[in-house]
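The values are calculated or read from the model by the stated rules, or taken from the named source; none is laboratory data. Just so you know, these numbers come straight off a predicted model, no measurement behind them. With ideal geometry, Cβ positions are generated from the backbone for all residues, glycine too; neighbour counts draw on all protein chains shown.
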Ligand code: GDP
Ligand code: MG
């Protein structure tokens, strides 16, 4: 028997948690995937290191291999890194007319993106938009914007030959105010490489326009280069967001990760083609999937996790129906409440319970209580948690003292556990949704 037991234990430890070797082996493959996706080498290296520390020791979901688990952890870390603050699609365009400045290298897709964004603002947000080309280097560039404007039904600032970019920006501002526009977009000239003149020009335009958003347009197919460009622009001009174009190409979008990791700037939109509606709000999940190229594994692990959660919930329900509700269960419920934003959060989600949450608050049952209650349960032994009836007066005193609380508080907790146990039992008998039906009556 002991032999069989140790065999089982062996398997358990191997399946239970990710060993350093498991993680290393899996990350070797991930590293290749990142580099193939054009993530820059230092960023890939840094990222792998972070995940390595994070993943080692984490538990492995049943029916999933360690390698698959690591892939899922990497995926989540990618999404985390790619996610910027706030809603990427929400542009600051209150206080009309709001200026939006578009900057970037030549050929990155500024003019195209200007028109795409204008179309989006017009159609989705019902904004009146004026577009102006400040590209005095290439005469055809101004006409390009004009043509696009006609195509999407958005006004462009009339072209005046011989004006410099700052003068055009001023005229755009005046025209936008007089014409009652909500937004005016300034499409600047680019160059093949960053140089002093380009930066100085963009800075001068920025100073007269005072843009609410300065969007840097970069070609998503250029890996490390894109990142250098972004750093430089952000340094000199100040950038509020990035638009990655040509994400319809066959690149895997690694520039997105490098961009986020190095500049910390939020990616706001991605360009997915030459057509005017080929612009989408940046979605970290989607890009993460593309960079890693292991979407099947990620969804496999997600499904396995869901199955296990469902099984756990089912098992718990069965126990509750039999009237088994111990301190471990209570702790889990309390932690769940904490996660959902405390009492008010939980109650607020149930119809008619918002008021009750307020009452409980005034009665002194607030979120700090949750923390204290969880501390009390943590001070109990395993046996005591499983069967709180074992608690004698002396042990109660010790536990309360250990948590720095009064025994009365522990007694309240015990009462709560009994009451909730009773409630769960009844709820189980009523079947699914029974309690909610009752609460709504
Ligand atoms: P600018 O010099 O920065 O203003 O760049 P343009 O807007 O003139 O774009 C240069 C070229 O890239 C044009 O032929 C565009 O049609 C093309 N382009 C721009 N954005 C995208 C995109 O997201 N996907 C693809 N495939 N082509 C794009
Ligand atoms: Mg252009």
Flag if residue 143 is within 16 Å of ligand 1 (Cβ to nearest atom), out of contact with any helix residue (DSSP H, G or I) (no Cβ under 9 Å at 6 or more places or on another chain) and more than 14 Å from residue 116 (Cα to Cα) = yes
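Is it the case that residue 72 is more than 16 Å from ligand 1 (Cβ to nearest atom), outside the structural domain of residue 217 (by TED's automatic domain parsing), surrounded by fewer than 19 Cβ atoms within 10 Å (Cβ to Cβ) and touching a residue at least 24 places away in the same chain (Cβ under 8 Å)? Don't jump to the end; show me each part of the working.
Values: more than 16 Å from ligand 1 (Cβ to nearest atom): yes; outside the structural domain of residue 217 (by TED's automatic domain parsing): yes; surrounded by fewer than 19 Cβ atoms within 10 Å (Cβ to Cβ): no; touching a residue at least 24 places away in the same chain (Cβ under 8 Å): yes.
For residue 72, the condition - more than 16 Å from ligand 1 (Cβ to nearest atom), outside the structural domain of residue 217 (by TED's automatic domain parsing), surrounded by fewer than 19 Cβ atoms within 10 Å (Cβ to Cβ) and touching a residue at least 24 places away in the same chain (Cβ under 8 Å) - is not met.
Out of 66, 42, 88, I need the residue that is modelled with pLDDT under 85 and outside the structural domain of residue 170 (by TED's automatic domain parsing). Which one? Give the steps one after another, and end with the answer.
Values: 42 fails: modelled with pLDDT under 85; 88 fails: modelled with pLDDT under 85.
None of the others qualify; the one that does is 66.
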Could you grab the pairs with beta carbons closer than 8 Å, sequence gap of 6+ or different chains, first residue in segment 414-425 and at positive phi, second one surrounded by fewer than 16 Cβ atoms within 10 Å (Cβ to Cβ)?
-> none
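Among the residues of segment 218-231, are any more than 16 Å from ligand 2 (Cβ to nearest atom), at positive phi and without any contact (Cβ under 8 Å) to a residue 40 or more places away in the chain?
At the first step, the residues of segment 218-231 found to be more than 16 Å from ligand 2 (Cβ to nearest atom) are 220-228, 230-231.
Right, trim to at positive phi and you get none.
Among the residues of segment 218-231, not one is more than 16 Å from ligand 2 (Cβ to nearest atom), at positive phi and without any contact (Cβ under 8 Å) to a residue 40 or more places away in the chain, which makes the answer no.
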For segment 163-177, state whether one or more residues are at pLDDT below 95, farther than 23 Å from residue 92 by Cβ and either surrounded by fewer than 24 Cβ atoms within 10 Å (Cβ to Cβ) or within 16 Å of ligand 2 (Cβ to nearest atom) (or both).
-> yes
Scanning segment 100-110 for residues that are surrounded by 24 or more Cβ atoms within 10 Å (Cβ to Cβ) and either over 27 Å from the mean Cα position of the chain (by Cα) or away from ligand 2 (no atom under 13 Å from the Cβ) (or both) gives 100, 101
For segment 128-140, indicate whether the set of residues that are in the same structural domain as residue 218 (by TED's automatic domain parsing), more than 34 Å from the chain's Cα centre (by Cα), assigned to a helix (DSSP H, G or I) and within 13 Å of ligand 1 (Cβ to nearest atom) is non-empty.
-> yes
Among the residues listed as 289, 251, the single one being over 14 Å from residue 216 (Cα atoms), outside the structural domain of residue 117 (by TED's automatic domain parsing) and either touching a residue at least 60 places away in the same chain (Cβ under 8 Å) or away from ligand 2 (no atom under 16 Å from the Cβ) (or both) = 289
Are any of the residues in segment 106-126 in contact with a helix residue (DSSP H, G or I) (Cβ under 7 Å, 6 or more places away or on another chain) and in a loop (DSSP other than H, G, I, E, B)?
-> no
Filter result (away from ligand 1 (no atom under 16 Å from the Cβ), farther than 21 Å from residue 106 by Cβ and in contact with a strand residue (DSSP E or B) (Cβ under 6 Å, 6 or more places away or on another chain)) within segment 229-283 | 240, 266
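Determine if segment 358-377 includes at least one residue that is part of a loop (DSSP other than H, G, I, E, B) and either within 16 Å of residue 329 (Cβ to Cβ) or modelled with pLDDT of 85 or more (or both). Let's see the steps before the verdict.
Step one: filter segment 358-377 for residues part of a loop (DSSP other than H, G, I, E, B), giving 363-366.
Subset that is either within 16 Å of residue 329 (Cβ to Cβ) or modelled with pLDDT of 85 or more (or both): none.
Looking for residues that are part of a loop (DSSP other than H, G, I, E, B) and either within 16 Å of residue 329 (Cβ to Cβ) or modelled with pLDDT of 85 or more (or both), one finds none in segment 358-377, hence no.
Would you say residue 203 is part of a helix (DSSP H, G or I), assigned by TED's automatic domain parsing to the domain that holds residue 229 and under 22 Å from residue 228 (Cβ atoms)?
On the way: part of a helix (DSSP H, G or I): yes; assigned by TED's automatic domain parsing to the domain that holds residue 229: yes; under 22 Å from residue 228 (Cβ atoms): yes.
So residue 203 passes the test.
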Can you tell me which residue in segment 155-203 is farthest from ligand 1 (Cβ to nearest atom), limited to those that are farther than 24 Å from residue 233 by Cβ and without any contact (Cβ under 8 Å) to a residue 12 or more places away in the chain?
-> 178
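Would you check if there is a residue in segment 153-162 being in the same structural domain as residue 221 (by TED's automatic domain parsing), under 15 Å from residue 205 (Cβ atoms) and more than 16 Å from ligand 2 (Cβ to nearest atom)?
Here is the first cut: in segment 153-162, the residues in the same structural domain as residue 221 (by TED's automatic domain parsing) are 153-162.
Among the residues that remain, those that are also under 15 Å from residue 205 (Cβ atoms) are: 157.
In the following step, the residues that additionally are more than 16 Å from ligand 2 (Cβ to nearest atom) were identified as none.
No - not one qualifying residue is present in segment 153-162.
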Would you be able to tell me the number of residues in segment 113-135 that are surrounded by fewer than 23 Cβ atoms within 10 Å (Cβ to Cβ), within 12 Å of ligand 2 (Cβ to nearest atom) and farther than 24 Å from residue 235 by Cβ?
-> 0
Which numbered condition residue 220 fails, given (1) closer than 18 Å to residue 114 by Cα; (2) surrounded by fewer than 22 Cβ atoms within 10 Å (Cβ to Cβ); (3) in contact with a helix residue (DSSP H, G or I) (Cβ under 7 Å, 6 or more places away or on another chain) = (2)
Check residue 139 against each of (1) surrounded by fewer than 18 Cβ atoms within 10 Å (Cβ to Cβ); (2) touching a residue at least 12 places away in the same chain (Cβ under 8 Å) and name the one condition it does not meet.
-> (2)
